[in-house]
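The values are calculated or read from the model by the stated rules, or taken from the named source; none is laboratory data. The structure displayed is predicted, hence computed values, not measured ones. Note that we place each Cβ from the backbone using ideal geometry, even for glycine, and neighbour counts take in every protein chain shown.
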Amino acid sequence: MPDVVVVGGGIVGAVCAFELVSNGASVTLLEREELAAGASGRNVKFAARPKSLAGLRIGLVDNTKHNSDQLLLRIAALLEKEHGTKSHVIRKKRSAGAAPSPEMIEEYKSNCDVVVAGIGD
């Protein structure tokens, strides 16, 4: 019997499961289809994955969902501690359904090597 059952294999469920396992819990992740087959999979645009995150500047997009700011801070700390990222930039969108502003996009282009969006969707 697992310590925790996480329902939903989108980005939030996957990150929750990862965090729990990282902290010693046994986890069962339930998804009715394949991982990221729902909203996370439909809304993801894939880019080349870097071979390493060490020394990279990471951009994180806050989608204004409940607790997404706290989740992003934990992700940023984990990326810096476990993967050696150099720094992070977190900016909040106007609303969950809004596209990032042109100013946000320019800031990410100027100050980040990799940007992660979709947290909380």
Fill in: Count of residues meeting criterion [assigned to a strand (DSSP E or B) and over 21 Å from residue 52 (Cβ atoms)] in the stretch 63-115
3
Worksheet entry | Residues within the stretch 21-59 that are modelled with pLDDT under 85 and among the aliphatic types (A, V, I, L, M), tallied | 7
Worksheet item: Which of the residues belonging to the stretch 81-113 are buried (at least 17 other Cβ atoms within 10 Å of the Cβ) and in contact (Cβ under 8 Å) with a residue 40 or more places away in the chain?
Response: 104, 108, 112
